[in-house]
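What follows is calculated from the coordinates using simple rules that are stated; it is not laboratory data. A quick note: this is a predicted structure, and the numbers were derived from the prediction, not measured. Note: ideal-geometry Cβ built from the backbone for every residue, glycine included; neighbour counts use all protein chains shown.
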Amino acid sequence: MRLLIPAIVLGAASLLPVALAQQAAPAGDVARGRGLVAAHCTECHNGRTAPTFSQVANMPWWTQESLERNLSDGFPVRHGQLTMPAIRLDPAEVKDVSAYVRSLKGQ
Ligand code: HEC
């Protein structure tokens with residue numbers, strides 16, 4: 001029993017760096033993403049020219065990962081005659097916009 005308690009304390013301490021590392025790589029900020037989308041995207045993504053982001057969030061192929069990859073690449077999305085213009089976002093903005101879009105899933 002004497003040996004068990006230090007072993008538990010050590011075990012808990014070894015989990016700490018993992019928890020800290022997760023905090024150090026923040027996910028996108030939903031509120032900032034909402035602002036970026038309002039500034040750069042909703043003029044077209046209004047449900048007429050292009051789908052709304054609630055619709056996009058519920059398309060099964062748009063995961064956090066595929067959104068981030070396509071937004072980083074400037075987004076060469078083409079459906080029929082319509083092409084999504086290349087919009088350059090920096091890596092933090094890409095995470096924010098993706099987090100905002102994903103937050104709309106199910107709405
Ligand atoms: C100048 C108009 C325009 C702007 C601005 C615009 N888009 Fe688009 N977007 C489009 C068009 C057109 C499509 C293709 C629509 C279709 O498939 O019917 C598209 C498609 C998309 C898709 C894929 C939807 C699907 O059907 O799979 C995503 C995701 C997307 N845009 C995200 C964004 C984001 C994020 C922004 C802002 C950073 C943005 N768009 C800004 C016009 C625009």
Check your understanding: So, of the residues in the range 28-79 that are within 8 Å of the ligand (Cβ to nearest atom) and touching a residue at least 60 places away in the same chain (Cβ under 8 Å), which turns out to be farthest from Ser103 (Cα to Cα)?
Key -> Leu36
Point to revise | Close pairs from the range 83-107: first part of a helix (DSSP H, G or I), partner of a type in the set (Val, Ile, Thr), Cβ under 7 Å, at least 6 apart | key: Val97/Val37; Ala99/Val30; Tyr100/Val30; Tyr100/Val37; Val101/Val56; Ser103/Val30
